[in-house]
Amino acid sequence: MTTSAEALKVTPNWRFLLRHPAHLLAFGFGSGLMRKAPGTWGTLVAFPLFFPLHALGVGGWALMALCVPLFIIGVYVCEVTGKALGVHDYGGIVWDEVVGMLMVLAFAPASWAGCLVAFALFRLFDIVKPWPIRWFDARVGGGFGVMVDDVIAAVFALAVQYLIWDTF
């Protein structure tokens, strides 16, 4: 459950991000500081991570396997940052979007159309949060709760992406 800035213990800014590496990572290297649509900006951070990996031949199941430690790191950094902010799932915490988008990109066609469809599907499921995504978002707390609903959104996006690209 993404929460607003009303209950913040500290105001997130560059000074806050640079105080602890977990904050910098949780805020997607600063993308989460964007005032409008930080989740969308955080999702875009996945692309500069994906393209070099793709160029090195890391895609498909290898990229999905890489997302496992990134998820585990995410649980930690989102927990630490949420506690420092005093808010469980502050909108500027976007590492969950980065990992979720990397999961979807793992099986997207390596084209502009593939990247655009992957982005649109992931953002759709992350924003709309159909069941069970919304259930997890509302009921699971801590860093794991921040991360898990985006992983489920990624699974939904992957399923639809498969249906789209498998038919062409």
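Identify all residues within the range 84-106 that are within 16 Å of the chain's Cα centre (by Cα) and either part of a loop (DSSP other than H, G, I, E, B) or farther than 18 Å from residue 64 by Cα (or both); write none if there are none. It would help to see each step written out before you state the result.
Residues of the range 84-106 within 16 Å of the chain's Cα centre (by Cα): 88-106.
Once the filter is applied, which keeps residues that are within 16 Å of the chain's Cα centre (by Cα) and either part of a loop (DSSP other than H, G, I, E, B) or farther than 18 Å from residue 64 by Cα (or both), the range 84-106 yields 88, 89, 90, 91, 92, 93, 94, 106.
In the range 76-98, how many are of a type in the set (A, V, I, L, M) and either surrounded by fewer than 24 Cβ atoms within 10 Å (Cβ to Cβ) or farther than 30 Å from residue 162 by Cα (or both)?
From the range 76-98, those of a type in the set (A, V, I, L, M) are 77, 80, 84-85, 87, 93-94, 98; that's our starting set.
Filter once more, keeping what is either surrounded by fewer than 24 Cβ atoms within 10 Å (Cβ to Cβ) or farther than 30 Å from residue 162 by Cα (or both): 77, 80, 84-85, 87.
Counting residues in the range 76-98 that are of a type in the set (A, V, I, L, M) and either surrounded by fewer than 24 Cβ atoms within 10 Å (Cβ to Cβ) or farther than 30 Å from residue 162 by Cα (or both) gives 5.
Filter the range 15-48 down to residues that are surrounded by 20 or more Cβ atoms within 10 Å (Cβ to Cβ), outside any helix (DSSP H, G or I) and free of Cβ contacts under 8 Å to residues at least 60 places away in the same chain, then give me how many there are.
1
Are there any pairs with C-beta distances below 9 angstrom linking a residue in the range 155-166 that is within 22 Å of residue 134 (Cβ to Cβ) to a residue that is among the acidic types (Asp, Glu), with the two at least 6 apart or on different chains, and if so which?
Listed by first residue and then by second, the contacts come to 157/126.
For the range 49-70, indicate whether the set of residues that are assigned to a loop (DSSP other than H, G, I, E, B) and touching a residue at least 12 places away in the same chain (Cβ under 8 Å) is non-empty.
Narrowing the range 49-70 to residues assigned to a loop (DSSP other than H, G, I, E, B): 56-59.
From what is left, the residues that are touching a residue at least 12 places away in the same chain (Cβ under 8 Å) are 59.
Checking the range 49-70: at least one residue is assigned to a loop (DSSP other than H, G, I, E, B) and touching a residue at least 12 places away in the same chain (Cβ under 8 Å).
Computed from the coordinates by the stated procedures, all read-outs in this text should not be read as laboratory data. Source: prediction; values computed, not measured. A quick note on method: Cβ atoms are made from the backbone with ideal geometry, for glycine too, and the neighbour counts reach across all protein chains shown.
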